[in-house]
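One structure below.
Readers should treat all values here as calculations from the given coordinates under stated rules, not as data from a laboratory. Note that this is a predicted model, so its numbers are computed, not measured. Ideal geometry is used to build each Cβ from the backbone, glycine not excepted, and the neighbour counts take in all protein chains shown.
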Ligand SMILES: [Zn+2]
């Protein structure tokens, strides 16, 4: 224990308290407005649908609160409670070399962490999501997913961890710069490989068959000057009723992916509008900007790690007596989210700004009305709340809440340039 221990405790306590408080505000806001559909949505959303959204939001917020409390307690158990110290002690006695024992420590810690996260995830999937009719996954599929995710982590993560530890030990003072380069190359390669190698392990991707829709999409892509590796439909419905559309990969390896659930619920006009929104993100360079930001942020993180990895107060303050580079890396990864939580509202604000820009782009390429209709359907199908709390939204939301986003688009609709 040292003064860093007190700073750490203060951050963990403050962050968890803020998360619990914000979730409570969101929960209250949904339940308080449960009795009436907001004026702007009365034509499209029934009271029953609105109430389901309120109840679903309330249940999700309760889960968020439980998650925040358990997360903080587990972190304290790992650090000051001596959990990591115990595990590090076992690996120190293994007689393996520094890189091998360090890799063993990190891999085993990650596996234990995911096991500890499982009960709440199972509860979320099979109790909460199921209660509102969203879960489509079976126990067998859930287990298969878990095992596959574990295998992917072991196959891809283990060499990366070993390489990073080797750099810390053998690359000298500037190891963190090489470490950052390794990390950047690794994450770029993952983004490249993900659509064609990893995603198909979990879902089936089939080329979009609907000829008429396909042609409309190709026309839209041409109009926007966008090249892609194909338009695919993903069998999202085998796990969940929630619908979505996204782009994946980059360069010529870019794919457009629609969840089958989305195609089923939206009209062709609306699908085109959703896609135009996604294209807006590319046109405005949002993907590039976010990648650049992540690259700079990870450089800062590695530089900070370069300073902390030899700092005794960092290990001692967080309850680790068996000092090792692997232990420092683990502590850093565990603790960093509580210190960076302060930045979350800034990144959320930035993301929401991008959403408005993409909506504006879509409104220019297609009829804004179609996007509004699509969004209302999606809010309805995902049981998203139409009455969010202002502060919760400002902190968490990467997308503007329903009423804000739709009134922004409605303003476009009545602008003089619209028909
Ligand atoms: Zn978007």
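Considering every alpha-carbon pair of region 1-111, the percent of pairs per 5 Å bin, from zero through the bin containing the longest distance, is 2, 11, 13, 12, 11, 11, 10, 8, 7, 6, 5, 3, 2, 0.
As a proxy for reagent exposure, ranking 176, 183, 313 by other Cβ atoms within 10 Å from fewest up yields 313, 183, 176.
A convex hull fitted around the alpha carbon atoms of region 261-419 yields 149 Å³ per residue. From its DSSP helices (H runs of at least four residues, each -39,500 (n - 2.57)), the chain gives a residue-normalised ellipticity at 222 nm of -22500 deg cm²/dmol.
If you bin every alpha carbon distance in region 36-167 into 5 Å steps from zero, what whole percent lands in each bin? All Cα pairs considered, the percentages come to 2, 9, 13, 13, 14, 14, 10, 8, 6, 4, 3, 2, 1, 0. Among rounded, prolate and oblate, which fits region 142-197 when a ≥ b ≥ c are the square roots of the eigenvalues of its C-alpha gyration tensor, a/c under 1.5 means rounded, and a/b larger than b/c means prolate? Oblate shape, in that a/c is at least 1.5 and b/c is the bigger or equal ratio.
In nm, what is the difference between 0.36 nm times the number of residues separating residue 214 and residue 130 and their Cα-Cα distance?
Computed gain between residue 214 and residue 130 is 26.9 nm.
Take every Cα pair under 8 Å whose residues are at least 6 apart in sequence, average their separation, divide by the length of the chain, and the relative contact order is 23 percent.
Cα-based values for region 366-410, radius of gyration first and Dmax second, are 10.9, 32 Å. From a point 7 Å beyond the Cα of residue 149 in the direction of its Cβ, which residues of region 167-204 have a backbone N at a distance under 13 Å? Hits in region 167-204 for residue 149 at 13 Å: 202. May I ask you to work out the translational diffusion coefficient for region 261-334 at 10 °C, viscosity 1.306 mPa s, via Stokes-Einstein with Rh from the Kirkwood sum over Cα pairs, reported in whole µm²/s? The Stokes-Einstein estimate is 99 µm²/s.
Shape descriptor for region 328-419: Rg over Rh equals 1.13 (Cα atoms; Rh from the Kirkwood inverse mean 1/r). Each of 18, 274 was scored by other Cβ atoms within 10 Å of its Cβ. Arranged with the fewest first, they read 18, 274. In the frame of its principal axes, region 93-179 has Cα extents of 55, 30, 18 Å, reported largest first. Remark on the chain: Rg and Dmax equal 23.6, 75 Å (Cα only).
If each residue's Cβ is checked for other Cβ atoms within 10 Å, how do 36, 357, 209 rank with the fewest at the top?
Values: 36 11, 357 17, 209 8.
Least to most surrounded, the residues fall as 209, 36, 357.
Summarising the strand pairing of the chain, around 65 percent of its internal DSSP beta bridges are antiparallel.
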